[in-house]
Amino acid sequence: MTHTNSLYQEVILDHNKKPRNYGKLEQPSHQATGHNPLCGDRLEITLHIHDNQINAIAFQGESCAICKASASLMTTAVKDQSPSHAETLIHEFRELATGKLDSNKPHQLGRLTVFSGIRDLPTRVKCAILPWHTLHAALNSIATVSTETNKNSTISANRNSA
């Protein structure tokens with residue numbers, strides 16, 4: 001097992017067992033529900049934005065270990081960031097998961113790069129990306145999003161890889 005695969009498994013297991021920011025915010029300023037009908041993952045993301053900063057974010061739902069770990073890591077990455085920075089991470093994570101991110105170019109993903117191996121597991125790409133689709137929907141006042149019905153570029157890019 002390579003170091004990257006070992007780190008990937010450790011991070012997935014840790015965030016699956018002890019998800020960060022798990023739950024639902026009271027009176028969120030933004031929220032959305034995401035669904036992946038292929039595997040049944042369903043999660044809700046609630047966040048509070050004030051003064052152009054994501055002050056609080058939480059997620060809850062029924063999902064596989066990869067989806068839950070991705071959501072947990074995503075919430076820690078975007079908390080205390082601006083919505084525009086969150087959109088940058090959404091775009092870069094999508095590119096990473098679908099194998100389109102040029103790792104030689106600067107990016108903002110940091111620890112999220114542990115998901116780089118997901119590109120080799122096409123059936124799991126949508127599991128990893130679902131929280132990011134849902135966050136994008138919440139930031140754009142879209143109540144629900146599905147990995148199979150949304151026509152936006154994030155979903156389209158995901159379909160190309162799976």
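With a 1.4 Å probe rolled over the protein heavy atoms of all chains, the accessible area of Asp102, Asp41, Asp14 falls in the order Asp102, Asp14, Asp41, largest first.
The helix-based estimate of mean residue ellipticity at 222 nm for the chain, built from -39,500 (n - 2.57) per DSSP H run of four or more residues and divided by its residue count, is -14000 deg cm²/dmol to the nearest 500.
A 1.4 Å probe run over the protein chains yields, for region 1-154, 49 Å² of accessible area per residue, whole-number rounding.
Semi-axes of the equivalent ellipsoid for region 1-93, computed as √(5λ) from the eigenvalues of its C-alpha gyration tensor and ordered from largest down, come to 23, 16, 12 Å. Here the accessible area is traced with a 1.4 Å probe on the protein chains. For region 76-116, carbon and sulfur cover 43 percent of it. Peptide packing for 116-122, 67-73 was compared via the average number of neighbouring C-beta atoms within 10 Å per residue; ordered from the highest value, the list is 67-73, 116-122.
Using the alpha-carbon positions of the chain, Rg (one decimal) and Dmax (whole number) come out as 14.4, 45 Å. Once the Cα-Cα distance is subtracted from the 0.36 nm per residue extended length, the Ser141 to Asn55 segment shows a gain of 29.2 nm. You can think of it this way: the chain between Asp80 and Lys105 has 6.5 nm of extra reach, that is 0.36 nm per residue less the Cα-Cα gap. Number of Lys-Lys pairs in region 1-145 with C-alpha atoms under 30 Å apart and a separation of 8 or more places or on different chains: 20. Based on C-alpha pairs under 8 angstrom that are at least 6 apart in sequence, region 16-162 has a relative contact order of 29 percent.
The values are calculated or read from the model by the stated rules, or taken from the named source; none is laboratory data. The structure presented is a predicted model; accordingly, all values stated were derived computationally and were not measured. Neighbour counts run over all protein chains shown; Cβ positions are idealised from the backbone, glycine included. These accessible areas exclude ligands, DNA and RNA; they are computed on the full protein's heavy atoms, side chains included. Shrake-Rupley method; radii C 1.70, N 1.55, O 1.52, S 1.80 Å.
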